[in-house]
Amino acid sequence: MRQVLAFLIGLMALLPAPGHAADAVRLHAAGSLRAALTEAAHAFEAAGGPPVASEFGASGLLRDAIVAGAGAEIFASANMDHPRSLAAAGRGSPVVLFARNQLCALVRPGLTVTGATLVDRMLDPGIRLATSTPRADPSGDYAQEVFRRIDVARPGSFAALDDKALRLTGGPASPRPPTGRSVYGAIIERGEADLFLTYCTNARVAALEVAGAGVIDLPEAVAVGADYGLTVINGASEGAYRLALFILSPEGQNILARHGFAAPTLPRGGG
């Protein structure tokens, strides 16, 4: 909470003079935040905030686009490192942790998997294992950390898993999600993968779309969590600062919690 308080105090000190109320706030955010931050943006607008123009995608690709000059005002990443790199380069405000997630396994219909058998299934040469794209998308990096943890108990597993993993999302050439659909649900439904390591929030949405699909929590020994970081880009509008404060407010944090994220600024028992 001290980190959040310091961030809020810093935002208030940096808050620019009000500009044109009609200017849209330009939000760049991780694809896993699409549903939650779309709802948050609508609530922000309904409360009198300016309109929000959102761009969702792989956090690493969004970071690269911002470095190249994309007109983002807020960057909400699925890790802390990408926004911190912007802050360290003098491009954004200090980074605050605003949400947490976990990795889960999305399982295709008809495949029997339990927490106890998940690692064996992942290592099975006959099982098509999919992840997002490392370095371009933090979800792919988190999946590789899962592989490393498996390798501790089963030496050689990292190389085997890294070699077999299909990088089906999160890369520069990856297909965009179908309109109104989860890309993970579409991939599982088309039979392109048997298991997909992705955020639990993504997996649960996909499982609701595909009859018979399942979601398995990773065993504790190999489970990996995801910390989400937010920065306000230098030169952002007054509305952008207001949106950042809204995301960190109890209302914004409750919206994230309803979408399955752990909301770190809510009091214990809140949300």
Go through (1) part of a loop (DSSP other than H, G, I, E, B); (2) buried (at least 17 other Cβ atoms within 10 Å of the Cβ) one by one and return the number of the condition Arg121 breaks. (1)
All but one of (1) surrounded by fewer than 21 Cβ atoms within 10 Å (Cβ to Cβ); (2) at pLDDT 95 or above hold for Ile188; which doesn't? (1)
Among the residues of segment 134-143, is there at least one that is buried (at least 21 other Cβ atoms within 10 Å of the Cβ), aliphatic (A, V, I, L, M) and under 27 Å from Ser77 (Cα atoms)? yes
Hits in segment 144-184 - residues which are among the aliphatic types (A, V, I, L, M) and either closer than 27 Å to Arg34 by Cα or open to solvent by less than 80 Å² (accessible area, probe 1.4 Å) (or both): Val146, Ile150, Ala159, Ala160, Leu161, Ala165, Leu166, Leu168, Ala173, Val183
Which number in (1) at pLDDT below 95; (2) under 14 Å from Leu27 (Cβ atoms) marks the one condition that Leu266 misses? (2)
Which residues, taken from segment 26-48, are closer than 17 Å to Thr231 by Cα and either among the hydrophobic types (A, V, I, L, M, F, W, C) or modelled with pLDDT under 95 (or both)? Leu27, Ala29, Ala30, Leu33, Leu37, Ala40, Ala41
Got at least one residue in segment 164-178 being over 30 Å from Glu55 (Cα atoms) and in contact with a Leu (Cβ under 7 Å, 6 or more places away or on another chain)? yes
Any idea which of Gly110, Gly115 is closer than 16 Å to Glu220 by Cβ, open to solvent by 10 Å² or more (accessible area, probe 1.4 Å) and modelled with pLDDT of 95 or more? Gly115
With the structure loaded, tell me whether Gly60 is farther than 19 Å from Leu243 by Cα and either in contact with a Phe, Trp or Tyr (Cβ under 8 Å, 6 or more places away or on another chain) or surrounded by 20 or more Cβ atoms within 10 Å (Cβ to Cβ) (or both) or whether it fails that test. yes
When the residues of segment 34-57 are narrowed to those that are of a type in the set (A, V, I, L, M) and free of Cβ contacts under 8 Å to residues at least 60 places away in the same chain, which ends up least open to solvent (accessible area, probe 1.4 Å)? Ala53
Which ones in segment 33-51 are assigned to a helix (DSSP H, G or I) and among the aliphatic types (A, V, I, L, M)? Leu33, Ala35, Ala36, Leu37, Ala40, Ala41, Ala43, Ala46
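The values are calculated or read from the model by the stated rules, or taken from the named source; none is laboratory data. These figures come from a predicted structure and were not determined experimentally. Note: ideal-geometry Cβ built from the backbone for every residue, glycine included; neighbour counts use all protein chains shown. Just the protein is used for accessible areas: all its heavy atoms, side chains included, with ligands, DNA and RNA removed. Shrake-Rupley method; radii C 1.70, N 1.55, O 1.52, S 1.80 Å.
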